[in-house]
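> Sharing a structure here in structure tokens format.
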Amino acid sequence: MNAVAARYTPTQRHLHWLMAILVVLAYLLVEQRDLFPRGSSGRFAMMQGHFWAGITIFLLAFWRIATRRRHGAPPITPALDRFSALASKSMHIALYAFFIVMPLLGMATAWSDGKVIEIPFTGAALPALLPENKPLAHTLEDIHGTIGDIFYWVIGLHVLAALYHHWVRRDDTLRRML
Ligand code: HEM
Ligand code: HEM
């Protein structure tokens with residue numbers, strides 16, 4: 001019980017916490033955009049921050065998946081029953097899918113809505129890969145926002161599961177990620 005937990009590699013642990021911060025930042029920036037009126041530079045900065053938090057998540061996801069495939073996950077002690085192992089695996093796959101799908105939908109929303117994604121400190125913008133199309137932008141924004149709402153619950157459950165393992169089941173799940 002008090003044995004030192006076999007941990008995720010340092011890269012896996014750093015990526016986990018860095019991406020957790022970026023996900024929180026992406027949500028915060030977009031949810032608080034109404035602090036600034038439409039068309040103001042403050043709102044523009046909030047949205048550009050949202051875009052780039054999301055694009056960074058997208059890019060880091062590939063590195064993260066590669067390290068996960070190379071190093072796997074350390075065993076949990078005591079081991080999980082088959083149902084819990086399957087439940088946690090499904091959760092993690094859903095979270096990885098979220099890292100890829102949300103930014104792609106977000107970029108498609110921005111471009112079809114005619115919004116620029118500025119490259120910070122350069123005055124240049126990413127080339128828009130979709131033409132402006134407002135009806136499409138509305139549909140994509142609805143899907144992007146709905147998945148965003150669903151993942152409040154998925155992420156909340158993920159955090160509760162981590163705390164349950166640590167404080168109730170008293171296994172080393174969380175220590176492996178610290
Ligand atoms: C994991 C990454 C992301 C998360 C969690 C996320 C989350 C969200 C959420 C929850 C909303 C809805 C806000 C609301 O309805 O009030 C939203 C809106 C939006 N997001 Fe994202 N997003 C992500 C990535 C991106 C990226 C990479 C882009 C573009 C480069 C983007 C562009 C947009 C746009 C254009 C809107 C509509 C905002 C508006 O109409 O003012 N998102 N996002
Ligand atoms: C936005 C927030 C978060 C996201 C998106 C996220 C995402 C993920 C993902 C994708 C994995 C799977 C790693 C693997 O491939 O094995 C994971 C594992 C893990 N996360 Fe998070 N996480 C977040 C926040 C947190 C927080 C706040 C905690 C702790 C309270 C936490 C604790 C853990 C633990 C303990 C694991 C290892 C689970 C296991 O191997 O069974 N996470 N997280």
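> Averaged across orientations, what area in nm² does the convex hull of the alpha carbons in the chain project?
Seen from a random direction, the Cα hull of the chain projects 12.1 nm² on average.
> OK, next. Please compute the net charge surrounding I21, taking Lys and Arg as +1 and Asp and Glu as -1 over other residues with Cβ under 15 Å from its Cβ.
+2
> Follow-up question, since we're still on this one. For each of S112, S88, count neighbouring Cβ atoms within 10 Å of the residue's Cβ, then give the residues from fewest to most.
S88, S112
> Identify the residues of the stretch 153-171 with backbone N under 18 Å of a label point that sits 7 angstrom from the Cα of V24 along the Cα-to-Cβ direction, or state none.
153-164
> From the residues A66, W17, Q48, which one has its Cα farthest along the dipole of the stretch 17-82 in the positive direction, the dipole being from +1 and -1 charges on Cβ of Lys/Arg and Asp/Glu about the Cα centre?
Most positive-ward Cα: A66.
Laboratory data are not the source of any read-out in this text; all were calculated from the coordinates shown. Please read these numbers as outputs of a predicted model, since none were measured by experiment. Because the Cβ atoms are built from the backbone with ideal geometry, glycine has one as well, and the counts that use them run over all protein chains shown.
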